[in-house]
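First comes the structure, then the notes that go with it.
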Amino acid sequence: MLIISPSLFAADPGHLADEVARVADAGAEYLHIDVMDGRFVPNLSFGPNIVEGLRKYSNICFDVHLMVEEPENHLDAFLQAGSDIVTVHLEATKKMDEIRRRCVEAKRGFGISLRPSTPVSAVLPYIEDLSLLLIMSINPGFGGQSFMEGSLERIREAVKIRDAAGGSYAVSVDGGINPKTAALCRDAGVDILVAGTYLFKSEDVSAAVNTLRGNDVNS
Ligand code: DX5
Ligand code: ZN
(Lines give C-alpha, C1' and ligand atoms only; values in the text may rest on other atoms or scores of the structure.)
(Ligands and ions follow the chains in the order given, each with its own letter.)
Protein backbone atom coordinates (compact mmCIF):
# COMPACT_ATOMS: atom_id res chain seq x y z
CA MET A 1 0.00 0.00 0.00
CA LEU A 2 1.25 3.46 -0.89
CA ILE A 3 2.06 5.64 2.12
CA ILE A 4 1.73 9.42 2.02
CA SER A 5 4.15 11.37 4.21
CA PRO A 6 3.50 15.14 4.24
CA SER A 7 6.66 17.14 4.87
CA LEU A 8 6.14 19.47 7.84
CA PHE A 9 8.77 21.86 6.48
CA ALA A 10 6.10 23.32 4.18
CA ALA A 11 3.48 23.70 6.96
CA ASP A 12 2.49 27.00 8.56
CA PRO A 13 5.15 27.30 11.30
CA GLY A 14 2.79 29.30 13.52
CA HIS A 15 0.27 26.45 13.68
CA LEU A 16 2.26 23.24 13.60
CA ALA A 17 -0.03 21.04 15.72
CA ASP A 18 -3.07 22.14 13.70
CA GLU A 19 -1.20 21.47 10.48
CA VAL A 20 -0.34 17.93 11.65
CA ALA A 21 -4.01 17.33 12.47
CA ARG A 22 -5.02 18.69 9.06
CA VAL A 23 -2.91 16.15 7.14
CA ALA A 24 -3.68 13.26 9.53
CA ASP A 25 -7.41 13.91 9.13
CA ALA A 26 -6.88 13.91 5.37
CA GLY A 27 -5.66 10.30 5.55
CA ALA A 28 -1.88 10.69 5.45
CA GLU A 29 -0.23 7.74 7.21
CA TYR A 30 3.10 9.39 8.09
CA LEU A 31 4.40 12.84 9.00
CA HIS A 32 7.80 13.65 7.50
CA ILE A 33 9.87 15.87 9.83
CA ASP A 34 12.96 17.47 8.29
CA VAL A 35 15.90 18.20 10.57
CA MET A 36 18.60 20.50 9.15
CA ASP A 37 21.78 21.53 10.95
CA GLY A 38 23.26 24.32 8.77
CA ARG A 39 26.26 22.06 8.07
CA PHE A 40 25.15 18.97 6.15
CA VAL A 41 22.74 21.34 4.42
CA PRO A 42 22.92 25.14 4.49
CA ASN A 43 19.49 25.56 6.11
CA LEU A 44 18.14 25.14 9.65
CA SER A 45 14.85 23.59 10.73
CA PHE A 46 13.28 21.53 13.50
CA GLY A 47 14.96 20.02 16.57
CA PRO A 48 13.95 17.22 18.97
CA ASN A 49 11.86 19.62 21.05
CA ILE A 50 9.47 20.03 18.11
CA VAL A 51 9.18 16.25 17.74
CA GLU A 52 8.49 15.91 21.46
CA GLY A 53 6.00 18.77 21.46
CA LEU A 54 4.02 17.44 18.51
CA ARG A 55 4.07 13.88 19.89
CA LYS A 56 1.58 14.98 22.57
CA TYR A 57 -0.94 15.99 19.92
CA SER A 58 -0.71 13.19 17.37
CA ASN A 59 -0.35 9.43 17.01
CA ILE A 60 0.62 9.64 13.35
CA CYS A 61 3.85 7.84 12.44
CA PHE A 62 6.74 10.33 12.77
CA ASP A 63 9.09 9.82 9.81
CA VAL A 64 12.12 11.88 10.88
CA HIS A 65 14.67 12.84 8.21
CA LEU A 66 17.99 13.91 9.74
CA MET A 67 19.97 16.12 7.35
CA VAL A 68 22.75 16.58 9.90
CA GLU A 69 26.46 15.79 10.11
CA GLU A 70 27.32 12.96 12.53
CA PRO A 71 23.69 12.04 13.23
CA GLU A 72 24.89 9.54 15.85
CA ASN A 73 25.35 12.55 18.18
CA HIS A 74 21.65 13.44 17.99
CA LEU A 75 20.05 10.03 17.55
CA ASP A 76 19.10 9.41 21.18
CA ALA A 77 17.43 12.82 21.46
CA PHE A 78 15.23 12.06 18.46
CA LEU A 79 14.43 8.53 19.64
CA GLN A 80 13.48 9.79 23.10
CA ALA A 81 11.39 12.59 21.61
CA GLY A 82 9.07 10.01 20.03
CA SER A 83 10.33 9.45 16.48
CA ASP A 84 8.94 6.26 14.93
CA ILE A 85 11.43 6.07 12.07
CA VAL A 86 14.78 7.85 12.03
CA THR A 87 16.45 8.28 8.63
CA VAL A 88 20.07 9.41 8.44
CA HIS A 89 22.18 10.32 5.43
CA LEU A 90 24.75 7.79 4.29
CA GLU A 91 27.07 10.68 3.42
CA ALA A 92 26.91 12.16 6.95
CA THR A 93 28.23 9.37 9.15
CA LYS A 94 30.95 6.78 9.57
CA LYS A 95 28.92 5.04 12.28
CA MET A 96 26.03 3.52 10.36
CA ASP A 97 26.30 0.13 12.10
CA GLU A 98 26.04 1.80 15.51
CA ILE A 99 23.05 3.89 14.38
CA ARG A 100 21.30 0.77 13.09
CA ARG A 101 21.95 -1.07 16.37
CA ARG A 102 20.57 1.80 18.46
CA CYS A 103 17.41 2.08 16.34
CA VAL A 104 16.81 -1.67 16.50
CA GLU A 105 17.36 -1.70 20.29
CA ALA A 106 14.87 1.16 20.66
CA LYS A 107 12.42 -0.79 18.44
CA ARG A 108 12.16 2.08 15.96
CA GLY A 109 12.53 2.12 12.23
CA PHE A 110 16.02 2.62 10.82
CA GLY A 111 16.26 4.52 7.54
CA ILE A 112 19.04 5.60 5.19
CA SER A 113 18.80 8.54 2.82
CA LEU A 114 20.89 9.15 -0.29
CA ARG A 115 21.73 12.45 -1.96
CA PRO A 116 21.04 12.42 -5.72
CA SER A 117 24.79 12.06 -6.39
CA THR A 118 25.30 8.96 -4.20
CA PRO A 119 25.03 5.59 -5.99
CA VAL A 120 22.04 3.57 -4.81
CA SER A 121 24.27 0.50 -4.50
CA ALA A 122 26.10 2.21 -1.60
CA VAL A 123 23.25 0.99 0.63
CA LEU A 124 24.16 -2.68 0.07
CA PRO A 125 26.21 -3.15 3.30
CA TYR A 126 23.29 -1.91 5.42
CA ILE A 127 20.26 -3.74 4.06
CA GLU A 128 19.85 -5.94 7.14
CA ASP A 129 17.29 -4.33 9.49
CA LEU A 130 16.81 -1.41 7.09
CA SER A 131 13.18 -0.19 7.30
CA LEU A 132 13.32 2.66 4.81
CA LEU A 133 15.51 3.81 1.92
CA LEU A 134 14.94 7.47 1.11
CA ILE A 135 15.81 8.51 -2.44
CA MET A 136 16.30 12.27 -2.55
CA SER A 137 14.84 13.64 -5.76
CA ILE A 138 16.25 17.13 -5.08
CA ASN A 139 19.42 18.35 -3.43
CA PRO A 140 18.43 18.38 0.26
CA GLY A 141 18.04 21.60 2.21
CA PHE A 142 15.09 23.46 0.71
CA GLY A 143 11.46 22.79 -0.17
CA GLY A 144 9.76 23.81 -3.39
CA GLN A 145 12.45 22.53 -5.79
CA SER A 146 11.85 20.64 -9.04
CA PHE A 147 11.92 16.86 -9.15
CA MET A 148 15.09 15.44 -10.73
CA GLU A 149 13.97 13.03 -13.47
CA GLY A 150 16.95 10.71 -12.92
CA SER A 151 15.36 9.78 -9.58
CA LEU A 152 12.93 7.41 -11.35
CA GLU A 153 15.75 5.12 -12.40
CA ARG A 154 17.14 5.32 -8.86
CA ILE A 155 13.77 4.24 -7.41
CA ARG A 156 13.70 1.26 -9.79
CA GLU A 157 17.25 0.37 -8.75
CA ALA A 158 16.34 0.60 -5.03
CA VAL A 159 13.43 -1.80 -5.63
CA LYS A 160 15.62 -4.17 -7.65
CA ILE A 161 18.38 -4.24 -5.01
CA ARG A 162 15.84 -4.92 -2.25
CA ASP A 163 14.15 -7.74 -4.14
CA ALA A 164 17.46 -9.35 -5.15
CA ALA A 165 18.88 -9.14 -1.61
CA GLY A 166 15.70 -10.29 0.16
CA GLY A 167 15.47 -6.95 1.98
CA SER A 168 12.26 -5.55 3.40
CA TYR A 169 12.80 -1.79 3.35
CA ALA A 170 10.23 0.63 1.99
CA VAL A 171 11.44 2.82 -0.87
CA SER A 172 10.62 6.47 -0.21
CA VAL A 173 11.09 9.52 -2.42
CA ASP A 174 11.46 13.12 -1.24
CA GLY A 175 11.46 16.37 -3.22
CA GLY A 176 9.32 17.93 -5.91
CA ILE A 177 6.41 15.52 -5.54
CA ASN A 178 3.20 16.68 -7.23
CA PRO A 179 0.44 14.76 -9.08
CA LYS A 180 2.60 14.29 -12.18
CA THR A 181 5.83 13.19 -10.48
CA ALA A 182 3.85 11.07 -7.98
CA ALA A 183 2.38 9.05 -10.87
CA LEU A 184 5.86 8.48 -12.31
CA CYS A 185 7.20 7.39 -8.92
CA ARG A 186 4.27 5.01 -8.37
CA ASP A 187 4.99 3.42 -11.75
CA ALA A 188 8.65 3.05 -10.71
CA GLY A 189 7.56 1.07 -7.62
CA VAL A 190 7.86 3.59 -4.80
CA ASP A 191 6.27 2.75 -1.41
CA ILE A 192 6.27 6.16 0.30
CA LEU A 193 5.70 9.60 -1.23
CA VAL A 194 7.02 12.56 0.78
CA ALA A 195 5.36 15.80 -0.28
CA GLY A 196 5.68 19.22 1.32
CA THR A 197 4.65 22.15 -0.83
CA TYR A 198 2.00 20.28 -2.82
CA LEU A 199 0.11 19.01 0.24
CA PHE A 200 0.46 21.87 2.72
CA LYS A 201 -0.35 24.55 0.16
CA SER A 202 -3.53 22.69 -0.89
CA GLU A 203 -6.88 24.06 0.26
CA ASP A 204 -8.38 20.56 0.19
CA VAL A 205 -5.71 18.25 1.61
CA SER A 206 -7.93 15.13 1.44
CA ALA A 207 -8.33 15.61 -2.30
CA ALA A 208 -4.60 16.27 -2.66
CA VAL A 209 -3.72 13.07 -0.73
CA ASN A 210 -6.09 11.08 -2.95
CA THR A 211 -4.57 12.62 -6.05
CA LEU A 212 -1.07 11.56 -4.95
CA ARG A 213 -2.40 8.03 -4.48
CA GLY A 214 -3.70 8.08 -8.05
CA ASN A 215 -7.32 7.88 -6.92
CA ASP A 216 -8.41 11.17 -8.42
CA VAL A 217 -10.35 10.65 -11.65
CA ASN A 218 -9.28 14.13 -12.82
CA SER A 219 -5.55 13.48 -12.43
C1 DX5 B 1 14.22 19.00 1.64
C2 DX5 B 1 13.34 18.12 2.45
C3 DX5 B 1 12.02 17.78 1.86
C4 DX5 B 1 11.17 18.96 1.48
C5 DX5 B 1 10.25 18.53 0.37
O6 DX5 B 1 15.55 18.89 2.03
O7 DX5 B 1 13.99 16.89 2.75
O8 DX5 B 1 11.30 16.90 2.72
O9 DX5 B 1 10.44 19.47 2.54
O10 DX5 B 1 9.54 19.65 -0.06
P11 DX5 B 1 8.76 19.71 -1.45
O12 DX5 B 1 7.73 18.64 -1.44
O13 DX5 B 1 8.23 21.08 -1.43
O14 DX5 B 1 9.79 19.49 -2.53
ZN1 ZN C 1 12.88 15.36 3.86
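The values are calculated or read from the model by the stated rules, or taken from the named source; none is laboratory data. Note that this is a predicted model, so its numbers are computed, not measured. Heads up, the Cβs are rebuilt from the backbone with ideal geometry, glycines too, and the neighbour counts pull from every protein chain shown. Note: accessible area is taken over every heavy atom of the protein model, side chains too, but ligands, DNA and RNA are not part of it. Shrake-Rupley method; radii C 1.70, N 1.55, O 1.52, S 1.80 Å.
Quick one: how many residues across the stretch 46-56 are open to solvent by 20 Å² or more (accessible area, probe 1.4 Å) and either basic (K, R) or within 15 Å of the chain's Cα centre (by Cα) (or both)?
Of the residues in the stretch 46-56, 3 are open to solvent by 20 Å² or more (accessible area, probe 1.4 Å) and either basic (K, R) or within 15 Å of the chain's Cα centre (by Cα) (or both).
Out of the residues in the stretch 191-204 that are in contact with a helix residue (DSSP H, G or I) (Cβ under 8 Å, 6 or more places away or on another chain) and more than 23 Å from T87 (Cβ to Cβ), which is most open to solvent (accessible area, probe 1.4 Å)? It would help to see each step written out before you state the result.
Of the residues in the stretch 191-204, the ones in contact with a helix residue (DSSP H, G or I) (Cβ under 8 Å, 6 or more places away or on another chain) are 193, 195-202.
Restricting the remaining residues to those that are more than 23 Å from T87 (Cβ to Cβ) gives 201-202.
Details: K201: 138, S202: 22 Å².
Result: K201.
Given the criteria open to solvent by 10 Å² or more (accessible area, probe 1.4 Å), away from ligand 2 (no atom under 16 Å from the Cβ), within 22 Å of R213 (Cβ to Cβ) and modelled with pLDDT of 95 or more, does N59 qualify?
Working: open to solvent by 10 Å² or more (accessible area, probe 1.4 Å): yes; away from ligand 2 (no atom under 16 Å from the Cβ): yes; within 22 Å of R213 (Cβ to Cβ): yes; modelled with pLDDT of 95 or more: yes.
Judged against the criteria, N59 is a match.
Could you run through the stretch 80-120 and say how many residues are under 28 Å from G176 (Cβ atoms), open to solvent by 20 Å² or more (accessible area, probe 1.4 Å) and among the hydrophobic types (A, V, I, L, M, F, W, C)?
Matching residues across the stretch 80-120 total 1.
Within the stretch 97-108, how many residues turn out to be farther than 15 Å from P71 by Cα and under 17 Å from the mean Cα position of the chain (by Cα)?
Of the residues in that region, 1 qualify.
When the stretch 150-189 is examined, which residues are found to be closer than 12 Å to L130 by Cβ and more than 14 Å from the chain's Cα centre (by Cα)? Explain how you work it out, then say what you get.
Looking only at the stretch 150-189, we keep the residues that are closer than 12 Å to L130 by Cβ, and these are 158, 161-162, 165-172.
If the condition is that a residue be closer than 12 Å to L130 by Cβ and more than 14 Å from the chain's Cα centre (by Cα), then A158, I161, R162, A165, G166, G167, S168 are the ones that fit.
Does any residue in the stretch 64-79 that is open to solvent by 10 Å² or more (accessible area, probe 1.4 Å) come within less than 7 Å, Cβ to Cβ, of a residue that is among the charged types (D, E, K, R) six or more places away or on a different chain, and which pairs are these?
E69/D37; E69/R39; E72/K95; E72/E98; L79/R108
List the pairs whose first member sits in the stretch 39-62 and is more than 26 Å from D25 (Cβ to Cβ), whose second member is open to solvent by 100 Å² or more (accessible area, probe 1.4 Å) and in a loop (DSSP other than H, G, I, E, B), and whose Cβ atoms are under 9 Å apart, counting only residues at least 6 apart or on separate chains?
V41/F142; P42/F142; N43/F142
Checking S219 against (1) at pLDDT 95 or above; (2) part of a loop (DSSP other than H, G, I, E, B); (3) small (G, A, S), which single condition isn't satisfied?
All conditions pass for S219, except number (1).
From S117, S113, which residue is closer than 26 Å to A195 by Cβ and either of a type in the set (K, R) or outside any loop (DSSP other than H, G, I, E, B) (or both)?
On the way: S117 fails: either of a type in the set (K, R) or outside any loop (DSSP other than H, G, I, E, B) (or both).
Step by step, each of S117, S113 is checked, and only S113 is closer than 26 Å to A195 by Cβ and either of a type in the set (K, R) or outside any loop (DSSP other than H, G, I, E, B) (or both).
Okay, residues lined up against (1) on the phi > 0 side of the Ramachandran plot; (2) touching a Leu at 6+ places or on another chain (Cβ under 6 Å); (3) not basic (K, R):
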| position | (1), (2), (3) |
| --- | --- |
| E69 | no, no, yes |
| G82 | yes, no, yes |
| K94 | no, no, no |
| L124 | no, no, yes |
| D129 | yes, no, yes |
| L132 | no, no, yes |
| S146 | no, no, yes |
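May I ask you to list the residues in the stretch 149-190 that are open to solvent by 40 Å² or more (accessible area, probe 1.4 Å) and in a loop (DSSP other than H, G, I, E, B)? Working first, answer last.
Applying the first criterion (open to solvent by 40 Å² or more (accessible area, probe 1.4 Å)) to the stretch 149-190 yields 149-150, 153, 156-157, 160, 163-166, 168, 178-180, 184, 186-187.
Those that are open to solvent by 40 Å² or more (accessible area, probe 1.4 Å) and in a loop (DSSP other than H, G, I, E, B): E149, G150, G166, S168, N178.
Quick one: in the stretch 1-12, which of the residues that are away from ligand 2 (no atom under 16 Å from the Cβ) and open to solvent by 40 Å² or more (accessible area, probe 1.4 Å) is nearest to P179 (Cα to Cα)? Steps first, answer last, please.
Applying the first criterion (away from ligand 2 (no atom under 16 Å from the Cβ)) to the stretch 1-12 yields 1-2, 12.
From the residues that got through so far, the ones that are open to solvent by 40 Å² or more (accessible area, probe 1.4 Å) too are 1, 12.
Working: M1: 17, D12: 22 Å.
Across the stretch 1-12, the extreme among qualifying residues is M1.
Looking at this structure, is I177 within 16 Å of ligand 2 (Cβ to nearest atom), at negative phi and among the hydrophobic types (A, V, I, L, M, F, W, C)?
yes
For residues that are among the hydroxyl-bearing types (S, T, Y) and open to solvent by 80 Å² or more (accessible area, probe 1.4 Å), tally how many sit in the stretch 121-148.
Going through the stretch 121-148, the residues among the hydroxyl-bearing types (S, T, Y) turn out to be 121, 126, 131, 137, 146.
Filter once more, keeping what is open to solvent by 80 Å² or more (accessible area, probe 1.4 Å): 146.
Going through the stretch 121-148 one residue at a time, the tally reaches 1.
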